[in-house]
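Novice: The structure's right below; bear with me while I get my questions together.
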Amino acid sequence: MKSIRDIYKIGKGPSSSHTMGPEKAAMLCRSRYPRADRFKVTLYGSLAKTGKGHGTDTVLRDTFAPVPTEVVFCTDDTIPLPHPNTLDLAAYENGVCLGAMRVMSIGGGDIRVEGDKTVEPPEVYPEKSFAEIAAYCKRHRLRISDYVEAYEGKEIWDFLFRVWTVMGDSIRDGLTCTGILPGGLNVERKAQMLYNQRHIDERPETRESRIVCAYAFAVSEQNAAQGTIVTAPTCGACSTLPAVLKYMQEEKRLDDDRILRALAVAGIVGNIVKTNASISGAECGCQAEIGTACSMAAAALAELFEMGIDQIEYAAEVALEHHLGLTCDPIGGLVQIPCIERNAVAAMRAINAVRIANFLTATRKISFDMVVETMYQTGKDLNHIYRETAEGGLAKLYR
């Protein structure tokens, strides 16, 4: 597996696959053809169908600027594609094509260039499944967070501290903002409202839900407004993990070192899904994004509470299993409805998954690796209209 640094990317929203990935592709193309006086980018699949809402064309033109760039949205479903997020980039000088490249934006801001593996980050971990990692950790009497340090080096903690700092900034900034999110849906920011308005008969469990949701809304609204966030594992699913960790840190008065170890475990869980399945909504529906985010959050909380490896696995498995089949149907191609609320619901579900794991781990029948494989197969079976095309579900019925 690759470094968990590839799970946590600091950047601007609203979409890791539709903005971060294409931006990276454009930067690569520009570096390869510095003499170009014109670029042309053709978007296919989900990039073509929801690229306008995500701002893909704007990101591409901004990245290639000041060189003129033509962006073509090709929505022809009959064209065979290596990935639902495929784009072709071509560079020209005086009307002559200098070269072209086909790129797949595979989720989480990562790209794959057809016929060229040199742009892919190196492998860091020899183990590729939770079963292999658990066996290694048990054999060497390590926690998963120790396993991360063993392969990534002590410098990983500085990286994760930066990640946690940005996550905290996103929560704080989101709580200070009000108004309408850009994009034309007239979605009102609700994070501050949730944070400040106590329930008339607020019990501890009611407060927990309210504050966790406020934190999740805060980060997701920052993402929708193209603010700076951390992918966890994507932009569209960026707020589930920081919401639960921020709440628990405050509630239990935990120091940052505990949080960083929780982030390390969450990163491994996200990495397993990314390696063996997908974190791309365009490839496998929202189960791949918010399902993975919920699983990461559950595993992080289990580590935070110093639960055993089997309990961590069960918490992650429960969280992902009960998102199986979740569709990706963003209204208007925007990362707003249902994405923002969905992060908050997933955050609460992650907390519940840990509570179930605390009692029932010894009775479990399903492994985390099995549910990851199931998620991938389920995603492949989903009708394409439910895989980030904005052609089905809420995106079709909303008026």
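Novice: Take Asn358 and Asp62, extend 7 Å from each Cα along the Cα→Cβ direction, and tell me the distance between the two endpoints in nm.
Specialist: For Asn358 paired with Asp62, the spin-label model returns 4.3 nm.
Novice: Between the stretch 333-399 and the stretch 1-75, how far is it from one alpha carbon centroid to the other, in angstrom?
Specialist: Centre-to-centre distance over Cα atoms comes out at 26 Å.
Novice: Taking Lys246 as the anchor, which lysines have their alpha carbon closer than 26 Å to its alpha carbon, excluding any fewer than eight residues away along the same chain?
Specialist: The qualifying lysines are Lys9, Lys12, Lys154, Lys190, Lys274.
Novice: Another one. Compute a Gaussian network model of the chain, connecting alpha carbons closer than 10 Å, and tell me which residue from Ala362, Ala316, Ala282 fluctuates the most.
Specialist: For the chain, modelled as a Gaussian network with Cα springs under 10 Å, the answer is Ala362.
Novice: Please list, or write none, the lysines whose alpha carbon is within less than 19 Å of the alpha carbon of Lys49, excluding same-chain residues fewer than 8 places away.
Specialist: Reachable lysines: Lys40, Lys380, Lys396.
Novice: In whole Hz, what ³J(HN,Hα) sequence does the stretch 49-62 give by Karplus (6.51, -1.76, 1.60; θ = phi - 60°), x for Gly and Pro?
Specialist: 7, 10, x, 4, x, 7, x, 4, 5, 5, 4, 5, 5, 5
Novice: Given a 1.4 angstrom probe, what's the average accessible area per residue across the stretch 69-221, in square angstrom?
Specialist: Roughly 52 Å² per residue, with all protein chains present.
Novice: Can you figure out the FRET efficiency of Tyr136 with Leu397, using R₀ = 51 Å and their beta-carbon distance, to the nearest 0.05?
Specialist: 0.60
Novice: Next question, about the same structure. Can you list the residues, at least 5 places off or on another chain, whose amide H is less than 5 Å from the amide H of Gly236, using H built in the peptide plane?
Specialist: Amide H neighbours of Gly236: Ser16.
Novice: Rounded if a/c is under 1.5, else prolate if a/b beats b/c, else oblate: with a ≥ b ≥ c from the C-alpha gyration tensor eigenvalues square-rooted, which is the stretch 108-266?
Specialist: The shape class here is oblate.
Novice: Sticking with this one: With a 1.4 Å probe and all protein chains left in place, how much accessible area per residue does the stretch 252-380 have, in Å²?
Specialist: It amounts to 33 Å² per residue over the stretch 252-380.
Novice: Carbon and sulfur together cover what percent of the accessible area of the stretch 1-157 at a 1.4 Å probe radius?
Specialist: Taking all protein chains in place, the stretch 1-157 shows 53 percent carbon and sulfur surface.
Novice: Under a 1.4 angstrom probe, counting protein chains only, how are Ser3, Ser367 ranked by accessible area, largest first?
Specialist: Per-residue accessible area, sorted high to low, gives Ser367, Ser3.
Novice: Still on this structure, please answer the following. Considering the dipole of the stretch 32-151 built from charges on the beta carbon (Lys and Arg +1, Asp and Glu -1) around the Cα centre, which of Val41, Ser105, Phe130 is farthest to its positive end?
Specialist: Most positive-ward Cα: Phe130.
Novice: Taking the stretch 240-298, which trypsin sites (Lys or Arg not before Pro) meet the DSSP loop condition and have no more than 13 other C-beta atoms within 10 Å?
Specialist: Passing both the DSSP loop test and the Cβ count: Arg253.
Novice: Here is a follow-up. Relative contact order for the chain using alpha-carbon pairs under 8 Å, separation at least 6, rounded to a whole percent?
Specialist: Result for the chain is 19 percent.
Novice: Considering only DSSP beta bridges whose two residues both sit in the chain, what percent are antiparallel, to the nearest 5?
Specialist: Within the chain, antiparallel bridges account for around 80 percent of the total.
Novice: So, one more: Where is the GNM fluctuation largest for the chain (alpha-carbon springs, 10 angstrom cutoff): Val124, Val59, Val163?
Specialist: For the chain, modelled as a Gaussian network with Cα springs under 10 Å, the answer is Val124.
Novice: Among the aspartates and glutamates, which have Cα under 18 Å from the Cα of Lys52 when same-chain residues fewer than 8 positions away are ignored?
Specialist: Qualifying aspartates and glutamates at Cα under 18 Å: Glu23, Asp62, Glu70, Asp76, Asp77, Asp88, Asp329, Glu388, Glu391.
Novice: Let me ask another. If we count every other residue with Cβ under 10 angstrom of Thr63's Cβ, Lys/Arg +1 and Asp/Glu -1, where does the sum land?
Specialist: +1
Novice: Keeping the other protein chains in place, figure out the carbon and sulfur percent of the accessible area of the stretch 291-399, with a 1.4 Å probe.
Specialist: Numbers: 2460 of 4500 Å².
Of all accessible area on the stretch 291-399, carbon and sulfur atoms account for 55 percent.
Novice: State to the nearest 20 debye the size of the charge dipole of the stretch 231-317 about its Cα centre, where the only charges are +1 on K and R beta carbons and -1 on D and E beta carbons. List each step's numbers first, then the result.
Specialist: Values: 6 positive and 12 negative charges, 34 e Å.
Around 160 debye, computed over the stretch 231-317.
Novice: Summing -39500 (n - 2.57) over the DSSP H runs of n ≥ 4 in the chain and dividing by its residue number, what mean residue ellipticity at 222 nm do you reach, to the nearest 500 deg cm²/dmol?
Specialist: Here the helix-only value at 222 nm equals -16000 deg cm²/dmol.
Novice: What nm distance separates the two modelled labels at Arg32 and Glu70, each placed 7 Å from Cα along Cα→Cβ?
Specialist: 2.0 nm
The values are calculated or read from the model by the stated rules, or taken from the named source; none is laboratory data. The shown structure was predicted, so the numbers you read here are calculated from the model rather than taken from an experiment. Cβ atoms come from the backbone with ideal geometry, glycine included; neighbour counts cover every protein chain shown. With ligands, DNA and RNA removed, areas are computed over all heavy atoms of the protein, side chains included. Shrake-Rupley method; radii C 1.70, N 1.55, O 1.52, S 1.80 Å.
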